[in-house]
1. What pairs come out if I take residues in the stretch 73-91 that are closer than 18 Å to residue 116 by Cβ and pair them with residues that are among the acidic types (Asp, Glu) whose C-beta lies under 8 Å away, six or more apart or interchain?
2. On the basis of being surrounded by fewer than 14 Cβ atoms within 10 Å (Cβ to Cβ), at pLDDT below 95, touching a Phe, Trp or Tyr at 6+ places or on another chain (Cβ under 8 Å) and farther than 18 Å from residue 8 by Cβ, does residue 128 make the cut?
3. Across the stretch 99-124, what is the number of residues that are within 19 Å of residue 27 (Cα to Cα) and not acidic (Asp, Glu)?
4. Quick test for you: out of 52, 71, 75, 36, pick the one residue that is in contact with a Lys or Arg (Cβ under 8 Å, 6 or more places away or on another chain) and open to solvent by 90 Å² or more (accessible area, probe 1.4 Å).
5. Looking only at the stretch 7-30, how many residues end up being under 13 Å from the mean Cα position of the chain (by Cα) and surrounded by 13 or more Cβ atoms within 10 Å (Cβ to Cβ)?
Amino acid sequence: MEFVNCNNNPKNKITNDCVIRAIALATNNKWENVYRELAEQGIKKGLMINDRNNWKAYLKSLGYEQQKMPRKVDRKRYTLKEFCEELAEKDKIYIVKVAGHLTCIKDKKLYDTWNCSNKCVGNYWIEGRN
């Protein structure tokens, strides 16, 4: 699995914007647009931008479908590295929840500001309109 150090924050800041960064990377949208759309939705729902109920609803509105946490035959969890190597498909884009963090997998590569490949995969989202 390849890690690609990627920060699409327009000011190149390292801040608590993983939700915005991951969604913007996955959707090929600008960081600013995703921030604005999450903020507008959050205002309507009375939620913070990075509240999971807010970004989950946003992903659903974009056509992304939540997938259950994958488990191995022995019921152990996959690390992000194992997920990329064993389960991810080359031509798919994934938004993955790991340890309170959201990240993006494209073409079996991890795009993020830090290498979280040793963290366990929780739920993940893929675009359902393919």
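1. 78/86
2. Answer is yes for this residue.
3. 13
4. Step by step, each of 52, 71, 75, 36 is checked, and only 71 is in contact with a Lys or Arg (Cβ under 8 Å, 6 or more places away or on another chain) and open to solvent by 90 Å² or more (accessible area, probe 1.4 Å).
5. Number satisfying all stated conditions: 11.
Let's see how each residue does on (1) acidic (Asp, Glu); (2) more than 22 Å from residue 6 (Cα to Cα); (3) in a helix (DSSP H, G or I):
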residue	(1), (2), (3)
35	no, no, yes
48	no, yes, no
55	no, no, yes
75	no, yes, no
81	no, no, yes
111	no, no, no
124	no, no, no
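The values are calculated or read from the model by the stated rules, or taken from the named source; none is laboratory data. Source: prediction; values computed, not measured. Neighbour counts are summed over all protein chains in view; Cβ atoms, including those assigned to glycine, are modelled from backbone coordinates with ideal geometry. Surface areas here come from the heavy atoms of the whole protein model, side chains and all, with no ligands, DNA or RNA. Shrake-Rupley method; radii C 1.70, N 1.55, O 1.52, S 1.80 Å.
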